Amino acid sequence: MTPTHPRRGLLIILSSPSGAGKSTLAKRLRAWDPTLAFSVSATTRAMRPGEVDGKDYHFTDETAFKTMVADGEMLEHAHVFGNFYGSPRGPVSDAIDQGKDVLFDIDWQGAQQIANSSLRDHVLSIFILPPSITELRRRLQTRGQDSADVIARRMQKSWDEISHWDSYDFVLVNDDLDTTEAQLKSIIAAERLRRIQQPALMDHVRSLQTEFGETS
């Protein structure tokens, strides 16, 4: 597909163990740049009260989901607690061709699948580390969203997630939200200027070559 915008969009992947600040940072990034699109996942789980199809998730049945996977229409997918989840390829591909960055809030397994997809050249993956395990536990406890059992399970899972830190393009230690937010903005601004993200550069270089030939 021919890009319809001077700049190609990025697939921005944010991953972290629960409690490291990933969701808060994602919200701050979208407030900083409202054009950032958030990847809406497809799922086979039942819709919960208050959820909106196409906004919270693309709700589908297992047969349709597996067909999408078989047809290569999922950038990444996983089976979690009895349900399938995945990122549809079509909306993401359309967005980046229109110069829109797409933000993904996914785990390391999904990140690896996207990094190995046909869109790999436009992937920017960032892992958020906590300053310490003690601080990670404190954050989970003070946000008051989970029971002690759930917190224990999240803590148990956290090391498996952290162990994949070295498969990401950038790794940030979230000791201070404002500092980490500033670092994220700097990374994204720089990545938007990568040569591969600017397809119009080739035409500009050709025009320079033509001009040089005419004036030499």
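The values are calculated or read from the model by the stated rules, or taken from the named source; none is laboratory data. Just so it is clear, the model here is predicted, and its values are computed rather than measured. Ideal geometry is used to build each Cβ from the backbone, glycine not excepted, and the neighbour counts take in all protein chains shown.
Each row is one residue, and each column tells you yes or no for (1) more than 15 Å from the chain's Cα centre (by Cα); (2) free of Cβ contacts under 8 Å to residues at least 24 places away in the same chain; (3) buried (at least 17 other Cβ atoms within 10 Å of the Cβ).
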residue	(1), (2), (3)
His77	no, no, yes
Ser93	no, no, yes
Gln98	yes, no, no
Leu103	no, no, yes
Gln109	no, no, no
Arg137	yes, no, yes
Leu140	yes, no, yes
Arg153	yes, yes, no
Val173	yes, no, no
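Anything in region 39-94 that is among the aromatic types (Phe, Trp, Tyr) and either out of contact with any helix residue (DSSP H, G or I) (no Cβ under 8 Å at 6 or more places or on another chain) or assigned to a loop (DSSP other than H, G, I, E, B) (or both)? List them, or say none.
Tyr57, Phe59, Phe65, Phe81, Tyr85
Could you list, in sequence order, all residues of region 1-57 that are at pLDDT 95 or above, more than 21 Å from Asp178 (Cα to Cα) and aromatic (Phe, Trp, Tyr)?
Within region 1-57, none qualify.
When Ser216 is evaluated against the numbered criteria (1) at pLDDT 90 or above; (2) exposed (fewer than 10 other Cβ atoms within 10 Å of the Cβ), which criterion, by number, is the only one it fails?
Result: Ser216 fails condition (1) only.
Looking at (1) modelled with pLDDT under 95; (2) assigned to a helix (DSSP H, G or I), which one does Ser118 not meet, given that it meets all the others?
So Ser118 meets the others, but not (2).
Tell me the residue from Asp146, Asp160 that is of a type in the set (Asp, Glu), under 20 Å from Ala115 (Cα atoms) and free of Cβ contacts under 8 Å to residues at least 24 places away in the same chain, please.
Asp160
Quick one: in region 22-38, of everything that is in a loop (DSSP other than H, G, I, E, B) and in contact (Cβ under 8 Å) with a residue 60 or more places away in the chain, which residue is surrounded by the most Cβ atoms within 10 Å (Cβ to Cβ)?
Filtering first and then ranking leaves Leu36.
Results for (1) surrounded by 14 or more Cβ atoms within 10 Å (Cβ to Cβ); (2) within 20 Å of Ser93 (Cα to Cα), shown as yes or no for each residue.
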residue	(1), (2)
Pro17	yes, no
Ala20	yes, no
Ala42	yes, yes
Gly50	no, no
Lys55	no, yes
Thr67	no, yes
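Would you tally the residues in region 175-207 being without any contact (Cβ under 8 Å) to a residue 40 or more places away in the chain and assigned to a helix (DSSP H, G or I)?
Going through region 175-207 one residue at a time, the tally reaches 15.
For region 176-185, give me each residue that is loosely packed, with under 10 Cβ neighbours inside 10 Å and either touching a strand residue (DSSP E or B) at 6+ places or on another chain (Cβ under 8 Å) or not acidic (Asp, Glu) (or both).
Within region 176-185, none qualify.
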